[in-house]
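Let me begin by presenting the structure, written as structure tokens, before commenting on it.
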Amino acid sequence: MTSYEAVIGLETHIQLNTKSKIFCSCKADSWGDPPNSNICPICTGQPGSLPTPNNAAIEKGILLAAAMNAEIQPISYFDRKNYFYPDLPKGYQISQYDLALAKGGYMDIPLQDGSTRRVRIQKLHIEEDAGKTIHKPGRRLLDFNRCGVPLVEMVTKPDLRSADEAALYISRLRQLLRWIGVSYADMEKGHLRIDANVSIREAGNQELNPKTEIKNVNSIEHIRDAINAEIQRQIKEMKEEHVIHSWTLDWNEDTQTLSKMRSKETEADYRYFREPDLLPIQVDKERKEEILTSLPELPLARKKRFQEKYDLPNYDADILTSGRSLSDYFESTAASYGGDPKQASNWLINHLLGLLNERGLSPEDLYLTPQYLADILSMIDEGSINTSTGKQLLTKVEDQQKPPRDIVEEEGLAQVSDSAAIQSICKEVIAENPSQADEYREGKGAVLGWFMGQVMQKTGGKADPQAVRAALRELLQE
Ligand code: ZN
Ligand code: MN
């Protein structure tokens with residue numbers, strides 16, 4: 001039986017998170033604003049208006065290109081991409097064509113099986129966004145707020161081999177965009193828009209067959225579903241020896257089906273020419289170096305360093321580097337703590353993430369600083385509090401906005417490890433519960449746990465559990 005492989009390339013439009021639009025001073029982020037409230041003669045293309053480039057947008061584009069290992073070009077040009085559509089009032093989009101901001105580039109994606117997929121970049125340029133057409137029964141409404149919002153368009157080579165790989169690429173890209181701070185990358189808000197080009201071929205062949213383009217999918221899960229459906233459709237067509245047409249397809253999440261939107265346009269339709277109203281973008285060595293000083297250590301490099309420097313398992317390092325501020329928080333905690341970094345990692349992953357989720361906070365919003373978390377861990381190591389008090393302290397510090405050591409003192413949470421005190425409480429509990437004590441002596445070992453619970457209750461959870469267990473064992477033998 002013939003087996004097939006998918007050949008997938010992704011076209012992404014990334015909305016840069018600048019304050020103002022790319023060629024005028026209108027507010028770029030119109031989320032929640034009334035339609036057509038952030039527009040001016042420039043972004044709506046009124047006669048006589050002239051665009052002025054927003055340096056912040058160009059710099060964010062350069063940061064992204066560098067993070068994608070692309071080569072920043074010393075000179076690049078804006079071009080007009082001409083097409084007619086109601087939500088494009090100028091009649092053209094200012095984009096870049098043959099001489100774009102950056103060349104080449106790639107992103108390495110760690111796959112489930114431990115191998116790496118290198119996804120090469122075909123093209124990367126900056127451009128302005130168009131407006132939005134809102135379809136209502138019997139009418140079309142136009143919102144120009146999005147006209148002129150800065151975008152980076154990035155197209156990969158067809159290097160991805162399955163819907164899962166495509167999904168991994170998108171989630172790594174989203175992580176990177178947030179990490180370097182160029183986009184909020186919220187797919188539901190359209191900050192990261194993905195079209196997928198899909199074709200199939202017999203496994204092992206090198207040829208490229210006609211591809212279809214899936215548009216309008218706004219979550220990673222939906223893209224995975226849509227690509228999988230399209231791969232199955234093409235395999236069926238190929239088995240039946242039908243021709244695969246280069247269609248543009250629309251994914252309907254409710255029915256889980258693809259429908260044909262139109263035949264694909266070709267580039268020639270756009271009649272590109274240089275934008276006469278804008279100067280070329282010049283990025284000399286000095287400017288490039290200055291911009292790149294704000295490029296942080298990237299997620300995969302940091303993950304690798306965490307594994308080596310702190311001897312963390314792959315799983316821990318992956319979670320701790322899922323966001324930049326979380327990874328910073330871990331690193332500061334490990335530095336202040338000075339104990340086993342794996343212990344710090346466990347507390348972050350098992351307890352701190354829960355606290356952040358529950359309260360909808362980011363690590364940098366916490367009153368519980370890395371220093372305070374390190375204090376809690378040190379108090380546990382010193383034996384001055386027990387683990388369950390340590391866990392309670394996380395929320396107490398956050399609720400009371402007080403340092404953990406102050407709370408321990410004020411609320412008398414220090415662990416009772418004085419053996420005489422523990423012995424006498426244990427004796428008391430055993431004397432109060434003779435039948436359970438008999439059960440234990442008859443060989444029902446599980447009763448020990450019940451006794452521990454009673455003692456912990458009497459001490460308000462402050463007793464050293466190891467000391468209690470030892471004392472109970474000894475006293476119950478008698
Ligand atoms: Zn404007
Ligand atoms: Mn585009």
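The values are calculated or read from the model by the stated rules, or taken from the named source; none is laboratory data. Everything numeric in this text was worked out from a predicted model, so none of it was measured. Don't worry about glycine lacking a Cβ; one is built from the backbone with ideal geometry, like all the others, and counts go over all protein chains shown. The accessibility values were calculated without ligands, DNA or RNA, using every heavy atom of the protein model including side chains. Shrake-Rupley method; radii C 1.70, N 1.55, O 1.52, S 1.80 Å.
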For this session: Please go through the residue pairs LYS60/LYS303; LYS132/LYS239; LYS309/LYS462 and name each one whose alpha carbons sit more than 32 Å apart in this structure.
Result: LYS132/LYS239; LYS309/LYS462
For this session: In whole Hz, with x marking every Gly and Pro, tabulate ³J(HN,Hα) for the range 347-355 from phi via Karplus 6.51 cos²θ - 1.76 cosθ + 1.60, θ = phi - 60°.
Result: 5, 5, 6, 7, 10, 5, 4, x, 4
Problem set entry | Cα-centre dipole for the range 394-440 with unit charges at Cβ (Lys and Arg positive, Asp and Glu negative), debye to 20 | 140
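Can you pull a Stokes-Einstein diffusion coefficient for the chain at 25 °C (0.890 mPa s), Rh from Kirkwood over Cα pairs, as a whole number of µm²/s?
Working: Rh = 26.8 Å.
Translational D for this selection: 91 µm²/s.
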For this session: Show the residues, 5+ positions off or on another chain, whose built amide H is closer than 5 Å to the amide H of ARG274.
Result: ARG80
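What does the charge count around SER419 come to, taking other residues whose C-beta lies under 14 Å from its C-beta (Lys +1, Arg +1, Asp -1, Glu -1)? Working shown, then result.
On the way: positive: LYS427, ARG469, ARG473; negative: ASP418, ASP464, GLU474.
That sum, taken over residues with Cβ under 14 Å, equals 0.
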Problem set entry | Quotient of Cα Rg and 2.2 N^0.38 Å for the range 356-418, N being how many residues it contains | 1.10
Exercise. Could you sort ASP254, ASP143 by accessible area so the largest value comes first, with the probe set to 1.4 Å?
Worked result: ASP254, ASP143
Exercise. With every protein chain present, what accessible area does LEU88 have (1.4 Å probe, heavy atoms only), rounded to the nearest 10 Å²?
Worked result: 10
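Hey, what's the Cα Rg ratio for the range 1-67 versus the globular rule of thumb, 2.2 N^0.38 Å?
Details: Rg = 18.3 Å, N = 67, 2.2 N^0.38 = 10.9 Å.
Working it through for the range 1-67, the quotient is 1.68.
Tally Lys and Arg at +1 and Asp and Glu at -1 over the other residues with C-beta under 10 Å from the C-beta of PRO363: what net charge comes out?
Numbers: positive: ARG324; negative: ASP328, GLU364, ASP365.
So the surrounding residues net to -2.
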Problem set entry | Positive-pole candidate from GLN423, VAL455, ALA467, dipole of the range 419-476, charges at beta carbon | ALA467
Seminar exercise, completed: Scattering profile of the range 197-305 from the Debye formula, Cα beads only, expressed as log10 I(q)/I(0) at q = 0.17, 0.21, 0.22 Å⁻¹, is -0.90, -1.05, -1.12
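Within a Cβ distance under 11 Å of ALA70, other residues only, what is the Lys/Arg minus Asp/Glu net charge?
So the environment of ALA70 carries a net charge of +2.
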Seminar exercise, completed: Which residues qualify? For HIS191, with a placed amide H closer than 5 Å and at least 5 residues away or on another chain, they are ASP186
Exercise. LYS90: which aspartates and glutamates have alpha carbons under 18 Å from its alpha carbon, excluding same-chain residues fewer than 8 sequence positions away?
Worked result: ASP79, GLU127, GLU128, ASP129, ASP143, ASP269, GLU275, ASP277
For this session: Go through SER325, PHE78, ILE291 and say which Cα lies farthest out towards the positive end of the charge dipole of the chain; charges sit on Cβ, +1 for Lys and Arg, -1 for Asp and Glu.
Result: PHE78
Exercise. At what distance in angstrom do the alpha carbon centres of the range 336-387 and the range 428-478 lie from each other?
Worked result: 31
Problem set entry | Debye, to nearest 20: dipole size of the range 299-411, +1 on Lys, Arg Cβ, -1 on Asp, Glu Cβ | 500
Exercise. Along the Cα-to-C-beta direction of ASP381, a point sits 7 Å from the Cα; which residues of the range 318-349 have their amide N less than 20 Å from that point?
Worked result: 328-349
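Across the range 115-201, how large is the tail of the calculated P(r) beyond 21 Å, expressed as a percent of all Cα pairs? It would help to have the intermediate numbers written out before the result.
On the way: 1607 of 3741 pairs.
Of all Cα-Cα distances in the range 115-201, 43 percent exceed 21 Å.
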Exercise. Counting chymotrypsin sites (Phe, Trp or Tyr not before Pro) as exposed when in a DSSP loop with at most 12 other beta carbons within 10 Å, what is the longest stretch of the chain free of them?
Worked result: 85-478
Problem set entry | Amide H contacts of ARG146 (H built 1.01 Å from N, under 5 Å, at least 5 apart or other chain) | LYS132
Exercise. Scattering from the C-alpha atoms of the range 299-411 alone, worked out with Debye: what is log10 I(q)/I(0) at q = 0.17 1/Å?
Worked result: -0.77
Exercise. So what is the orientation-averaged projected area of the range 419-476, using the convex hull of its C-alpha atoms, in nm²?
Worked result: 3.3
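Give the accessible surface of the chain per residue, rounded to a whole number of Å², with probe radius 1.4 Å and ligands, DNA and RNA excluded. Write down the numbers at each step before the final one.
Numbers: 23680 Å² over 478 residues.
Computed with neighbouring chains in place, this is 50 Å² per residue.
For the range 299-411, what % of the accessible area comes from carbon and sulfur atoms, probe 1.4 Å?
45
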Problem set entry | Accessible area in the full protein assembly, largest first, 1.4 Å probe, for LEU258, LEU300, LEU368, LEU413 | LEU300, LEU258, LEU413, LEU368
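Based solely on its DSSP helices, what 222 nm [θ] is calculated for the chain when runs of n ≥ 4 H residues each add -39,500 (n - 2.57) and the sum is averaged over all residues, nearest 500 deg cm²/dmol?
Working: 16 runs with 186 residues, N = 478.
Value at 222 nm, helices only: -12000 deg cm²/dmol.
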For this session: Give, rounded to the nearest 20 debye, the magnitude of the charge dipole that the chain has about its Cα centre when Lys and Arg contribute +1 at Cβ and Asp and Glu contribute -1 at Cβ.
Result: 1480
Exercise. Which sequence of SER183, SER388, SER419, SER49 reflects their accessible areas, 1.4 Å probe, from the largest down?
Worked result: SER419, SER388, SER49, SER183
Exercise. So for the chain, taking the charge dipole from beta-carbon charges (+1 Lys/Arg, -1 Asp/Glu), which of GLY338, LEU476, ASN197 sits furthest toward the positive end?
Worked result: ASN197
